[in-house]
Amino acid sequence: MCALPYTPVICKSMHGITCLASTPVADARRHDASLATADGIVSWLTVYDQENFQGKRVEFTSACQNIMECGMDTVRSLKVECGAWVGYEHSSFCGQQFILERGDYPRWESWSGSNAYHIERLMSFRPICSANHKESKITVFERENFIGHQWEITDDYPSLKAMGWPSNEIGSMQVQSGAWVCYQYPGYRGYQYIMECDHHGGDYKHYREWGSHAQTFQVQSLRRVQQ
């Protein structure tokens, strides 16, 4: 069972969720990234059951498959203290994906950004272990199964078509290094798809491997995940 807020313990749930309750020691460590790294903690996330960082609070250093196991019905605000994370609309890492990079997210709009789809729910999340902003490389292909026109990318592109990509779709991708966020529309808008070099061996041969919410090959902008 997960630790409830303000309980001075660390525990793991049946799904391997690590919950750090808020204590004076934890609060001090949260604001010292170098100490957190020295302790072997490379990812640190604090979630709240109310907007603007109010209400019940639980801290995580590893994946959470279902926030309800920690006594919350959903996440309404959060702070990424260290590392990069991906949040999911549903439990068990299903539904829409939301990139969560270091910073404060006081309301759902903060993590959904200019997403065209109104989703206030955030039920599961996990760290992105392969994020490396300085050394990221992805190859995109015109068709599925790595066929057709291809383009090796090492930078952020708010509009692939403006840079010469022949269509508004990508058939398949190979992530050689780092982690990437692909967006349905130009300007980093629409559905988000997190692509990582340590998932699927970095190979995404069809949109069905992009996430449970993926229903189309449409990708028109992408960027590297910030650490």
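Scanning region 50-94 for residues that are open to solvent by less than 10 Å² (accessible area, probe 1.4 Å), of a type in the set (G, A, S) and not in a loop (DSSP other than H, G, I, E, B) returns S77, G87. Of all residues in region 147-198, those satisfying the criterion of being closer than 13 Å to A214 by Cβ and not in a strand (DSSP E or B) are I170, G171. Only residues that are under 18 Å from Y191 (Cα atoms) and in contact (Cβ under 8 Å) with a residue 60 or more places away in the chain: list them for region 141-172, please. Passing the criteria: D156, Y157, P158, S159, L160.
On the basis of being assigned to a loop (DSSP other than H, G, I, E, B), within 30 Å of Q65 (Cα to Cα) and either open to solvent by less than 30 Å² (accessible area, probe 1.4 Å) or touching a strand residue (DSSP E or B) at 6+ places or on another chain (Cβ under 7 Å) (or both), does H133 make the cut?
Numbers: assigned to a loop (DSSP other than H, G, I, E, B): yes; within 30 Å of Q65 (Cα to Cα): yes; either open to solvent by less than 30 Å² (accessible area, probe 1.4 Å) or touching a strand residue (DSSP E or B) at 6+ places or on another chain (Cβ under 7 Å) (or both): yes.
It is true that H133 is assigned to a loop (DSSP other than H, G, I, E, B), within 30 Å of Q65 (Cα to Cα) and either open to solvent by less than 30 Å² (accessible area, probe 1.4 Å) or touching a strand residue (DSSP E or B) at 6+ places or on another chain (Cβ under 7 Å) (or both).
Rundown of residues vs (1) at pLDDT below 95; (2) over 30 Å from V47 (Cα atoms); (3) surrounded by 20 or more Cβ atoms within 10 Å (Cβ to Cβ), yes/no style:
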residue	(1), (2), (3)
F125	no, no, yes
E152	no, yes, no
N168	no, yes, no
S177	no, no, no
C182	no, no, yes
Y193	no, no, yes
E196	no, no, no
E209	no, no, no
L222	no, no, yes
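The values are calculated or read from the model by the stated rules, or taken from the named source; none is laboratory data. On a predicted model such as this, the values are computed, not experimentally measured, just so you know. Virtual Cβ from ideal backbone geometry, glycine too; neighbours counted across all protein chains shown. Ligands, DNA and RNA are excluded from the accessible area calculation, which covers all protein heavy atoms including side chains. Shrake-Rupley method; radii C 1.70, N 1.55, O 1.52, S 1.80 Å.
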